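These notes concern the structure reproduced below.
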Amino acid sequence: MVSVGERLSTARVQAFIGRDEQLGRFAEALADDPRAPFAFYVFGPGGIGKSTLLRRLADHARAAGRLLVELDGRFVGRDPADFERAAAAFLDVPGTVLFVDSFEHCQWLESWLWHHFLPRAADGALVVLGGRLAPQPQWTADPAWAGLLHVTELEPFTEQQARSLLAAAAIGPELRELVLRFAGGNPLALSLAAAAGWTGWNREEIWAPSADVLRTLLVGLIGEVPSAAHRRALEVAAQAYSTSEELLAAVLPEVDAHLLFAWLRDLPFMESTHRGLHPHDAARETLAADLRWRAPNAFVNMRRRLAEEYLRLLRDAPEERVWTVTDELFYLFRDGEIVARLRTWSREDEVHDRPLHPDDLDTVLRMATETEGPASAAVVRYWAERQPQAFSVYRLVTTGRIVAFTARLALPSPPDPDDLAADPVVAAAWEYAAATAPVGPGEHIGVSRFTVYPERYQVPSRVIDLSSSRAQAESARARGRAFGFAVWRDADAWAARVKGSLTDTGARPQVGEYTYGLFAVDWRLVPVETWLRHFIAATEVPVPAGPSGSSRTDFDQAVREALAHWRDPGAFAACALMRARIAADLDDPAGELRALLRRAVDDLARDPRGVRARDALSASYFSGAPTQEAAARRLGLPYGTYRRHLRQGLDLLCEALWQRELFGDPDERTPAL
């Protein structure tokens with residue numbers, strides 16, 4: 001019997017196009033040719049075929065009997081020790097082949113790899129790195145690496161290779177010229193075009209490979225999804241950084257997550273990683289933009305569900321996973337104005353954070369003295385003695401040098417007089433709390449007291465990204481946290497950056513020669529869940545009233561469609577009204593929207609003039625009458641009279657639902673004061 005792995009390998013061999021030089025040099029290395037390279041570095045833009053080539057090389061290595069270690073740079077930890085543990089066999093087992101795909105996501109490891117890791121490889125081991133960025137020039141220019149390193153920038157397919165790919169995909173000759181004019185030699189565009197089939201396109205147009213082309217291509221690729229549940233699974237994958245079957249089950253509890261995950265995995269633009277499915281970057285952005293345009297309310301609702309699931313994980317996840325979960329949470333909001341002001345998403349000078357060790361204290365105090373003066377350094381010493389667990393130090397991944405430190409204090413009520421005397425900033429925080437909303441027994445405040453990165457002092461940086469992620473995780477997990485405070489020396493600049501997320505307290509405490517701004521949020525008034533939803537709102541462009549950005553006419557048509565499918569739950573779940581705002585916040589959108597329609601029809605009878613209209617709608621859509629004539633007979637009305645009542649009922653129902661679409665549930669609206 002042929003194994004699944006063998007079948008996959010055979011399929012990859014049959015579908016693989018070109019890259020002969022890379023395959024040849026790698027084959028020499030597998031054969032232990034002393035002239036062959038030890039390290040292979042493949043780079044190029046997104047969609048150029050790096051991952052496909054790495055999988056093909058992995059098949060060769062596996063066939064040669066080599067042990068493989070396959071890592072994905074998107075999910076590599078920030079500590080070199082984490083990488084070394086994951087790739088331990090490369091150092092211990094002779095002949096091991098290490099593959100690192102998406103290397104641009106852990107590019108900060110590069111110097112450490114060349115200096116400290118790769119020279120310790122086991123005998124006969126090989127390494128293959130694939131990413132979007134070229135290697136640092138000092139390694140390609142280093143004579144010591146000249147005979148050991150083979151660097152390749154992948155080029156687009158030649159015309160002949162592109163034609164071979166389309167022929168292998170069974171694209172008819174009459175369509176190949178159109179696809180070639182559109183896709184050029186971009187392997188991703190060619191593959192997606194082949195998967196889409198290009199049925200029904202205008203064959204006279206010439207398309208250029210661009211983001212617009214990929215967007216159009218994805219629309220053709222996705223087409224009609226099998227059901228509403230499949231569409232919602234796509235919405236998850238388009239927004240979540242990585243999608244596991246567990247995540248699908250959590251945010252879509254009403255569906256068969258196993259079936260949907262298998263369907264997603266088979267889509268041509270999905271990559272499988274150890275943490276789940278990850279759409280190709282270009283495919284993700286295109287799919288997200290398409291879904292946001294086509295189903296804006298469903299897009300927003302899914303983002304809310306994902307945010308709530310990540311929040312649950314933040315509270316329950318073990319400490320070592322906190323930064324991962326928090327980063328995935330904020331990834332949802334990366335296009336929001338507030339997050340863009342606060343976070344850099346920079347991978348330059350990548351750092352990892354660790355708890356303060358006693359041996360680090362002298363370095364921390366020196367940094368505090370250099371940036372904030374001796375008075376602030378004395379406060380740092382005070383808190384390091386009182387709450388050493390509140391401090392984190394940040395080291396460069398490449399060298400291990402400490403470059404920054406932060407401190408996030410947890411201070412119980414009532415305040416300690418010694419704390420108030422030692423730290424004017426903490427005293428100001430307690431004073432603000434007492435004047436605004438006193439902190440009760442059993443409650444505490446959190447203060448992000450220090451963020452000291454001398455090389456990028458108090459400007460958005462990766463240190464601030466990580467510290468912010470930790471602070472939000474702690475706030476989400478904490479019990480009894482009353483206020484959260486952040487402290488910045490450049491109060492005016494940070495007041496603009498945190499606008500919409502934190503309140504400027506107006507307090508400007510002084511420590512030594514410097515004055516600091518104090519910013520706050522009262523977690524009792526604005527729970528973490530509400531605060532995060534505010535980020536969601538800040539990311540959304542205005543959504544037109546009605547499904548799919550439609551007009552009132554389209555909305556009315558969607559209501560009629562929903563009524564027509566009311567008795568068929570499966571068809572109802574796929575109707576356009578499911579994407580309207582009135583369905584966005586429902587826990588069971590299909591079931592609750594069906595019940596809402598029935599109640600809205602019944603509510604027409606509250607006005608005596610609407611009784612006949614209610615009866616006509618109920619007989620037509622809820623009673624099971626096979627035709628309108630049968631519904632008229634059931635009501636004992638002439639057909640013309642029945643039709644008049646039905647038209648009136650549809651008009652009244654659409655108007656009532658439209659008002660709900662615009663302004664929400666009338667029973668839940670806040671009365672005017």
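The values are calculated or read from the model by the stated rules, or taken from the named source; none is laboratory data. If you're wondering where the values come from, they're calculated on a predicted model, not measured in any experiment. FYI the Cβ positions are ideal-geometry reconstructions off the backbone, even for glycines, and counts take in every protein chain you see.
At a glance:
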{"quantity": "Positions within segment 338-360 being in contact with a strand residue (DSSP E or B) (Cβ under 9 Å, 6 or more places away or on another chain) and at pLDDT 80 or above, in sequence order", "calculated": "Val351, His352, Asp353, Arg354, Pro355, Leu356, His357, Asp360"}
{"quantity": "Complete set of residues in segment 620-631 that are out of contact with any Phe, Trp or Tyr (no Cβ under 8 Å at 6 or more places or on another chain) and either small (Gly, Ala, Ser) or assigned to a helix (DSSP H, G or I) (or both)", "calculated": "Ser620, Ser623, Gly624, Ala625, Ala630"}
{"quantity": "Segment 496-509 residues that are in the same structural domain as Val459 (by TED's automatic domain parsing), paired with ones that are part of a loop (DSSP other than H, G, I, E, B) (beta carbon under 7 Å, 6 or more apart)", "calculated": "Arg508/Tyr516; Pro509/Tyr516"}
{"quantity": "Count of segment 606-638 residues which are buried (at least 20 other Cβ atoms within 10 Å of the Cβ), within 15 Å of Ala564 (Cβ to Cβ) and over 48 Å from the mean Cα position of the chain (by Cα)", "calculated": "1"}
{"quantity": "Residue check for Ala421: surrounded by fewer than 18 Cβ atoms within 10 Å (Cβ to Cβ), of a type in the set (Gly, Ala, Ser) and outside the structural domain of Ser501 (by TED's automatic domain parsing)", "calculated": "no"}
{"quantity": "From the options Ala471, Ala427, Ala384, Ala422, residue that is under 18 Å from Arg354 (Cβ atoms), in contact with a helix residue (DSSP H, G or I) (Cβ under 7 Å, 6 or more places away or on another chain) and small (Gly, Ala, Ser)", "calculated": "Ala384"}
{"quantity": "Total residues in segment 496-520, condition among the hydrophobic types (A, V, I, L, M, F, W, C) and under 17 Å from Arg343 (Cβ atoms)", "calculated": "4"}
{"quantity": "Segment 32-81, residues that are closer than 17 Å to Leu154 by Cβ and of a type in the set (Lys, Arg)", "calculated": "Lys50, Arg55, Arg56"}
{"quantity": "Sole residue being assigned by TED's automatic domain parsing to the domain that holds Gln107 and closer than 30 Å to Ser392 by Cβ, chosen from Ala31, Ala81, Ala61", "calculated": "Ala81"}
{"quantity": "Any pair with Cβ under 6 angstrom, 6 or more apart, that starts in segment 411-422 at a residue that is part of a helix (DSSP H, G or I) and ends at one that is not basic (Lys, Arg)", "calculated": "Asp419/Val426; Leu420/Ala427; Ala422/Tyr382"}
{"quantity": "Enumeration of residues in segment 569-605 that are without any contact (Cβ under 8 Å) to a residue 40 or more places away in the chain, under 28 Å from the mean Cα position of the chain (by Cα) and either closer than 21 Å to Ser623 by Cβ or not assigned by TED's automatic domain parsing to the domain that holds Ser620 (or both)", "calculated": "Cys575, Leu577"}
{"quantity": "Odd one out for Val339 among (1) hydrophobic (A, V, I, L, M, F, W, C); (2) assigned by TED's automatic domain parsing to the domain that holds Ser468; (3) touching a residue at least 60 places away in the same chain (Cβ under 8 Å)", "calculated": "(2)"}
{"quantity": "Qualifying position, being closer than 25 Å to Pro187 by Cα and among the small types (Gly, Ala, Ser), among Ala61, Ala88", "calculated": "Ala61"}
{"quantity": "Top-ranked residue in segment 256-279 [being among the acidic types (Asp, Glu) and either surrounded by 16 or more Cβ atoms within 10 Å (Cβ to Cβ) or at pLDDT 90 or above (or both); ranked as farthest from the chain's Cα centre (by Cα)]", "calculated": "Asp256"}
{"quantity": "Enumeration of residues in segment 505-535 that are closer than 21 Å to Ala407 by Cβ and surrounded by fewer than 17 Cβ atoms within 10 Å (Cβ to Cβ)", "calculated": "Arg508, Gln510, Gly512, Glu513, Tyr514, Thr515"}
{"quantity": "Ser392 over 19 Å from Leu361 (Cα atoms), in contact with a helix residue (DSSP H, G or I) (Cβ under 9 Å, 6 or more places away or on another chain) and among the small types (Gly, Ala, Ser)", "calculated": "no"}
{"quantity": "Residue list for segment 465-486, restricted to those being aliphatic (A, V, I, L, M), closer than 24 Å to Arg334 by Cα and touching a strand residue (DSSP E or B) at 6+ places or on another chain (Cβ under 6 Å)", "calculated": "Leu466, Ala471, Ala486"}
{"quantity": "Qualifying positions in segment 393-410 - assigned to a strand (DSSP E or B) and farther than 17 Å from Val426 by Cβ", "calculated": "Val393, Tyr394, Arg395, Leu396, Ile402, Val403, Ala404, Phe405"}
{"quantity": "Close pairs from segment 630-659: first farther than 17 Å from Pro608 by Cα and at pLDDT below 90, partner crowded, with 17+ Cβ neighbours inside 10 Å and acidic (Asp, Glu), Cβ under 8 Å, at least 6 apart", "calculated": "Cys654/Asp556; Trp658/Asp556"}
{"quantity": "Which listed residue, of Pro424, Pro417, is more than 18 Å from Phe519 (Cα to Cα) and modelled with pLDDT of 95 or more", "calculated": "Pro417"}
{"quantity": "Residue check for Glu661: crowded, with 18+ Cβ neighbours inside 10 Å and under 30 Å from Pro253 (Cβ atoms)", "calculated": "yes"}
{"quantity": "Matching residues in segment 639-651 - criterion: being surrounded by 14 or more Cβ atoms within 10 Å (Cβ to Cβ) and within 47 Å of the chain's Cα centre (by Cα)", "calculated": "Leu646, Gln648, Gly649, Leu650"}
{"quantity": "Those residues of segment 237-246 which are assigned to a helix (DSSP H, G or I) and either crowded, with 24+ Cβ neighbours inside 10 Å or of a type in the set (S, T, N, Q) (or both), in sequence order", "calculated": "Ala237, Gln239"}
{"quantity": "Residues located in segment 36-65, provided they are in contact (Cβ under 8 Å) with a residue 40 or more places away in the chain and part of a loop (DSSP other than H, G, I, E, B)", "calculated": "Pro37, Phe38, Gly44, Pro45, Gly46, Gly47, Ile48, Gly49"}
{"quantity": "Of all residues making up segment 23-54, the number that are under 33 Å from the mean Cα position of the chain (by Cα), crowded, with 19+ Cβ neighbours inside 10 Å and of a type outside the set (Ser, Thr, Tyr)", "calculated": "11"}
